[in-house]
Every structure is written in C-alpha cells, then in structure tokens.
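Colleague: Before I ask anything, here is the structure I am working with.
The values are calculated or read from the model by the stated rules, or taken from the named source; none is laboratory data. Keep in mind the model is a prediction, meaning the values are calculated, not measured. All Cβ positions, even for glycine, are placed from backbone atoms using ideal geometry, and neighbour counts span all protein chains on display. When the accessible area is computed, the model is the full protein with side chains, heavy atoms only, and any ligands, DNA or RNA have been set aside. Shrake-Rupley method; radii C 1.70, N 1.55, O 1.52, S 1.80 Å.
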Amino acid sequence: ASFLLLCFRSPLATPLIFGLLLQAPLTQLSTITQPNFVLLLADDLGIGDVGCYGNDTIRTPNIDRLAKEGVKLTQHIAAAPLCTPSRAAFLTGRYPLRSGMDAINDYRVIFWNAGSGGLPPNETTFAKILQQQGYSTGLIGKWHQGVNCESRNDHCHHPLKHGFDYFYGMPFTLISDCQPTETPEMDRAFRRKLWLSTQMIGLVTFTAVLGRLTGLVSVQWKTLTCLAGFSLLFFVSWFSSYGFVRYWNCIMMRNHGITEQPMVTDRTTSLILQESISFIERNKHKPFLLFLSFLHSHTPLLTTEKFLGRSRHGLYGDNVEEMDWMVGQVLDVIDKEGLKDTTLVYFASDHGGWLERQEGERQLGGWNGIYKGGKAMGGWEGGIRVPGIFRWPGVLPAGTVIDEPTSLMDIYPTVVHLAGGAVPQDRVIDGRDLLPLLRGTAPHSEHEFLFHYCGIHLHAVRWHQKDTGAIWKAHYVTPIFTPPGAGACYDRGFCPCFGEGVTHHEPPLLFELSQDPSEAKPLSADTEPLFDTVIRKIGRAIEEHRRTLTPVPEQLSVSNVVWKPWLQPCCGTFPFCWCDKEDGN
C-alpha cells in the first residue's frame, strides 16, 4: 500500500495514468479477436435527411446517438448513384463496372426478379469471407442483386450463394407497384408507350373489321384474322410482364423459399424488424454479421399508422422517422444482450435522395442538403455523398467527426480485416481499410483518387491533395437539368448518363470541395493558378485507373434485364404464383 501511495505521489504518475487511459482502446481492440458487425443501409436516404447532418424537420435521435457515441464521416461516397451498382460495390469492395454491375444502356438497375443478370458467382463478398472465418451471416431486407441465371431454381445470384447463411426479405427492391393504392412506378414512361401502341393497333384492327362488315373496305378475312392475332400477341407479350409487376417483383423470401407473393405491405416493416432482432438473439454467443438492408426510405414509403403524420416533412419524413425507430430497436437489443462493446455498428445510405420523385404536390424523395444533384447523377455530390457513421464503444473515439474522402467500398476491407480474414489477391479491391482513420492513428484517408461513374461512363474524378488538404473534383460530363436551372431532371424522372441529356466539358469543370462543397463556382485557368496542374494530375490518374479495368460480361445488358418467364420465382405452378405463408396461412 505504501508503495502504491508513493507511486501516485510521484511526478511521473499523472502522465502515466493519462497514457494508460489513452492506451485503453488499443488494448481492448487486441482482446476482441472477432467483433460482431451490424451494417445498417438505408435506401434512397439523402445526407440532408438526418439530424446529425443538419436536418431540423425530421427527428432521427437513434441515428444521431450513433454519431454521438461513435465516428461521423462527412465525405462518405457511394460508388454509384443507383441501388444495384452501389450495393454491388458495397458487397465486393470494387467499382461496379469491374463486376459488370453497371449499365451500358438506360437500364441501370436489376429490373425483374426474372432477369438473368446479377452479382456474378465469381465475385467474393465480405459475407463470404466472414462465413469462412466462422461467422454467422445474415441479410435482412433488400437484395436487388439478381436471383437466377438459367432456371427458376438455380439461385446463382441469390444471397445464400454470396456468403449469407440466412436471408429474409425482398430479392428485388421496393417500388410503388407493390402498393395497390399507389400509381405504378416501374418503367412508367415505357409502359405508357406500350399502352398507346396497343390502343392504336387495336383501333386499326377494329376499324378494318368494321370496314369489312360494312363493305367500305375490301380486306380478306384471313388478313383481318392475322391482324387481330398480331394485336392480341403484342398485348400479351408485354402485359404478361408489366401487367403483373406486383406478383413478379413484389415478393418476400426466407432463404430460397417464397413466403409472400405478392408481399403484404402492411406487415413488412414489423417482419423485417422481428427477423433482425431474432437473428441477433439466435447468434449472440458466436461472432455474427447482420446486414440490415432497409426498405426505407424508398417509394412507396411503407409507413405504419403509428408514424403517419408525425414529422414536419410529410410522408417521406414519417418514413425516415420510422426507420430511425427501427435503428433504435436494433441498438436496444444489442445493449440488452450485452453485445454493445463487442459490436461494430455502421449506418449509411446506398446513394443520395431522389429529387424528382413527386406525386402532385407531394415530395416523395429525399433531400441532399447543401449538395447539388441527387439519385442517378453520377458526378454531382448530392447523388453520391451519403451519411456514414461507425460506433464501437471503447475502440472508436466517441463524438469524432472526420472530413476525409471515404467510400462505401471501404467497408469490405475494414470488416474482412477485423474478422481475421484476407481480401482476395486475384483481383483489384478499390476499398481501403478504414480502421486506422477511424481510430485516429492515421491522419488521412488512403484514397488519393475516387472515380465517379454514371453507368459505365466516367462523369467526375476527386483528387485528395493530402499535403494541402484540398479536395479537387473535375467533372467531364454533367446532366442537363430540366427545366433549366431546376437542379434535377424533373421532365425525365431520372438524369441520364449519356446522349442528348448530358453535356461534355472540355476542359472539365473544376471545383475545390473544401472551399465550395455545393459545387456552385467552377474554377478556370484564369481564376485558379493550379488549374492546369490539377487537370493534368487527374488525367494521369484516369489513365492509370483505366489500365486496371478488364472486360467482363455485362450483367445489365438488355438481354439480361428483360423479363424471362422461365426464371420467374414462383411459389405455385407458373403462372399461378400466389402464396402467403406468414402467420400460419
């Protein structure tokens, strides 16, 4: 006792104590060999929709609590501005064009459960590596990476083929067609053209028959029969798919089995939450990975009655507040099971909010704060800058804010490293291990350049000049907003990646994001002395990057995205696909 008293009176005592306190997180990390992972990914959530990122009309106390207790990233970037390619990059740690999961045409996402495209079987997800490391791996919620390749039950793109032991959710994505009371959303403009064409062909057929009966037109009955047959065949050819979108795409699965076809949207939220909590409780005694892929906040904004009318931002705000409540429920079960200190929790969105998504006076898409653009825009910040929050008590410093370029692709090497695995050495991995940056042992992100694609088209490049802290961003292609000056492509519904709807810039538009995060004031050689130097540097980076690309099969080609009836998941005998296996039905 006298020895201890002497030590604490020593002038070395105070620095020694502080040193031990500062070493505590590092010591704890070394004792946790395989932490649990809970990855929370929102759908279409804008960075401006979250309280800790500046929103004051939507209440998100649970997401805000994650930021307060962990690390908030202010420059967290999606690898693509749409669901399918962004999630492919998230799962594989690679730009989506490396796996063929970015588009060469206007079909930029998986369009049907019965398409043949999807995340290729030869891609290695972080779930597959964690599975090999002894983790229990579960995906609850949205997949949108394809289902089958050649037959109805080969499940070549299914989550269980990509490292997940358990799957419950939608193999597709939530769309307004899933809600019978909502206006159809899927391929709306194309569907209108098909209806119009059908009516015109039908009108021609009817007129010809009427003319033949009245003797005004001399047409053989054989010709009229062929014309009527063509009219019917044309109608059936498209209505067999687009007429039954709710049955073909709006389904729920548990592992390989279909539980609801079509899904019963009134109970979807509660079932996803129950499944998430149950997965944690079942696997609490061994390391686990839970990827909770929310259906919130994608249209049709499924929101339970309890949350309707609660926010000051309409139905969209209600939906975000319900998702935040779900985040709180998951955090509560982590706390209740004593897993808080051994679980890394991550929250993000797959891309920016959908500015053009409106129905009349209702705004059904998200808000991207001060950042220009939104969903589907590969270059502008609003389409790709998303919330990014990590919490791991005792390991990551609480209340930290990091303004360094990071990517959703970084989750891959970060999670793999912490699980004791190794990233594949036979392919390019574009993500970087975030742990040193998150813990404060590295001052800068490992990313020097980030490449911003729209489909397979390179729209912009970001250069992090680490010695000065500058964040340069060069835009080579930008969408043409309609109406002019509107900030989005309201006349189209989505901004295109190529063609007449974009502008090519030579020299490129240049911004310094640390000074102009809203990308409002493009620089030029007259206003920026380093303009030519920066453009040359980025140009060389593009050349080096393109040398790392290799040709791969295009998963989103027209032949892969079209509806193929022989690939349609069906819980009955096709085409009579209907079932409800929840609640004992």
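Colleague: Can you pull the one-decimal nm distance between simple spin-label points at residue 370 and residue 282, each 7 Å off the Cα toward Cβ?
Modeller: Using points 7 Å along Cα→Cβ, the separation is 4.6 nm.
Colleague: Another one. Kindly report the accessible area of the chain per residue (heavy atoms of protein chains, probe 1.4 Å, no ligands, DNA or RNA), in Å². Spell out each step's value before the answer.
Modeller: Numbers: 24400 Å² over 585 residues.
Dividing the accessible area of the chain by its residue count gives 42 Å².
Colleague: Moving on to the next point. Compute the normalised compactness of the range 394-507: alpha-carbon radius of gyration over 2.2 N^0.38 Å, N being the residue count.
Modeller: Working: Rg = 18.2 Å, N = 114, 2.2 N^0.38 = 13.3 Å.
Relative to the rule-of-thumb radius for its length, the range 394-507 sits at 1.37.
Colleague: Could you check the spin-label model distance between residue 466 and residue 214? Points 7 Å from the Cα along Cα→Cβ, value in nm.
Modeller: 8.1 nm
Colleague: Assuming a ≥ b ≥ c are the square roots of the Cα gyration tensor eigenvalues, decide whether the range 36-103 counts as rounded (a/c under 1.5), prolate (otherwise, with a/b larger than b/c) or oblate. Intermediate results must be reported in sequence, preceding the final value.
Modeller: Working: a/c = 2.74, a/b = 1.89, b/c = 1.45.
Cα axes put the range 36-103 in the prolate bin.
Colleague: Within 10 Å, Cβ to Cβ, of residue 398, how many net charges do the neighbouring residues add up to if Lys/Arg are +1 and Asp/Glu are -1? The partial results should precede the final answer.
Modeller: Values: positive: 68, 391; negative: 69.
With Lys, Arg at +1 and Asp, Glu at -1, the net is +1.
Colleague: Please state, as a whole number in µm²/s, the translational diffusion coefficient that the Stokes-Einstein equation yields for the range 480-585 at 10 °C and 1.306 mPa s, with Rh defined as the Kirkwood radius across alpha carbon pairs.
Modeller: Approximately 81 µm²/s, per Stokes-Einstein.
Colleague: Any chance you could run the full-extension gain for residue 266 through residue 189? It's 0.36 nm times the residue separation minus the Cα-Cα distance, nm to one decimal. Can you show the working numbers first?
Modeller: Details: separation 77, 0.36 × 77 = 27.72 nm, distance 2.79 nm.
Between residue 266 and residue 189, full extension yields 24.9 nm more.
Colleague: Can you classify the range 325-404 as rounded, prolate or oblate using the Cα gyration tensor, where a ≥ b ≥ c are the square roots of its eigenvalues, rounded means a/c under 1.5, and otherwise it's prolate if a/b beats b/c and oblate if not? Could the numbers behind the result be given before it?
Modeller: On the way: a/c = 3.69, a/b = 1.82, b/c = 2.03.
Oblate is the answer for the range 325-404, as a/c is 1.5 or above yet b/c matches or exceeds a/b.
Colleague: Let me ask something else. Determine the percent antiparallel among the DSSP beta bridges restricted to the chain, to the nearest 5. Can you show the working numbers first?
Modeller: Numbers: 39 of 68 bridges.
Bridges in the chain that DSSP calls antiparallel: roughly 55 percent.
Colleague: Right, here's the next one. Whole number please: convex hull volume per residue, Cα atoms of the range 188-242, in Å³.
Modeller: Per-residue hull volume (Cα only) is 58 Å³.
Colleague: I would also like to ask the following. At 20 Å minimum axial length over the Cα atoms and a Kyte-Doolittle cut of 0.0, report the qualifying DSSP H helices in the chain, or say none. Before the final figure, lay out each step's value.
Modeller: On the way: long enough: 13-31 (26 Å, 1.06); 188-214 (39 Å, 0.46); 221-242 (31 Å, 1.04); 268-282 (21 Å, 0.34); 314-336 (33 Å, -0.11); 531-547 (25 Å, -0.85).
Going by DSSP H runs, the hits are 13-31, 188-214, 221-242, 268-282.
Colleague: Moving on to the next point. Any chance you could list the semi-axes, whole Å, largest first, of the equivalent ellipsoid that the Cα gyration tensor gives for the range 270-417, using √(5λ)?
Modeller: Values: eigenvalues 160, 94, 33 Å².
Semi-axes, largest first: 28, 22, 13 Å.
Colleague: Oh, and also: Residues with amide H under 5 Å of residue 447's amide H, sequence separation 5 or more or different chain, H placed in the peptide plane at 1.01 Å from N; which?
Modeller: The answer is none.
Colleague: Give me the distance between the Cα centres of the range 229-295 and the range 518-538, rounded to whole Å.
Modeller: Measuring centre to centre over Cα atoms gives 47 Å.
Colleague: Further, regarding this structure: Taking θ = phi - 60°, what integer Hz values does the Karplus form 6.51 cos²θ - 1.76 cosθ + 1.60 yield along the range 560-576, in sequence order, with x for Gly and Pro?
Modeller: Running phi through 6.51 cos²θ - 1.76 cosθ + 1.60 with θ = phi - 60° gives 8, 8, 5, 6, 10, x, 6, 9, 5, x, 8, 8, x, 9, 3, x, 8 Hz.
Colleague: Here's something else I'd like to know. Taking only Cα atoms of the range 491-546, what ratio of Rg to Rh do you get with Rh as the Kirkwood inverse-distance radius? Before the final figure, lay out the partial values.
Modeller: Numbers: Rg = 14.0 Å, Rh = 13.4 Å.
Ratio value, two decimals: 1.04.
Colleague: Now for a separate question. Taking H as built 1.01 Å from N, whose amide H comes closer than 5 Å to the amide H of residue 70, not counting residues under 5 places away?
Modeller: 399, 400
Colleague: How large a share of the accessible area of the chain, in percent, is made up of carbon and sulfur atoms when the probe is 1.4 Å and the other protein chains stay in place? It would help to have the intermediate numbers written out before the result.
Modeller: On the way: 14370 of 24400 Å².
Reported share for carbon and sulfur atoms: 59 percent.
Colleague: So for the chain, averaging the separation of alpha carbon pairs under 8 Å that are six or more residues apart and normalising by length, what relative contact order in percent results?
Modeller: 26 percent
Colleague: Please state the charge dipole magnitude for the chain, taken about the Cα centre, from unit charges on C-beta atoms (+1 on K and R, -1 on D and E), reported in debye and rounded to the nearest 20.
Modeller: Values: 51 positive and 58 negative charges, 159 e Å.
Approximately 760 debye in magnitude.
Colleague: Follow-up. Output wanted: per-residue J couplings in Hz (rounded whole) for the range 162-175, from phi through Karplus 6.51 cos²θ - 1.76 cosθ + 1.60, θ = phi - 60°, x for Gly and Pro.
Modeller: 10, x, 9, 6, 9, 9, 9, x, 9, x, 9, 9, 5, 9
Colleague: Tell me the net charge near residue 304. Cut-off is 10 Å between Cβ atoms, residue 304 excluded, with +1 for each Lys or Arg and -1 for each Asp or Glu. Write out the running numbers ahead of the final one.
Modeller: Values: positive: 267, 306; negative: 266, 305, 318, 322.
Around residue 304, the surrounding residues sum to -2.
Colleague: Further question on the same structure: Please work out how much length the chain gains when fully extended from residue 227 to residue 518, using 0.36 nm per residue of separation minus the C-alpha to C-alpha distance, in nm with one decimal. Working shown, then result.
Modeller: On the way: separation 291, 0.36 × 291 = 104.76 nm, distance 5.68 nm.
Full extension from residue 227 to residue 518 adds 99.1 nm.
Colleague: Could you let me know the centre-to-centre spacing of the range 319-394 and the range 37-56, using Cα atoms, in angstrom?
Modeller: With the range 319-394 and the range 37-56 each reduced to a Cα centre, they are spaced 2 Å.
Colleague: Around residue 56, with a cut-off of 14 angstrom between Cβ atoms, what is the net charge of the other residues, counting Lys and Arg +1 and Asp and Glu -1? Provide the component values of the computation, followed by the final result.
Modeller: Numbers: positive: 59, 312; negative: 49, 64, 321.
Residues close to residue 56 contribute a combined charge of -1.
Colleague: Once the Cα atoms of the chain are picked out, what are the Rg and Dmax in Å?
Modeller: Calculated on Cα positions, Rg and Dmax stand at 26.2, 121 Å.
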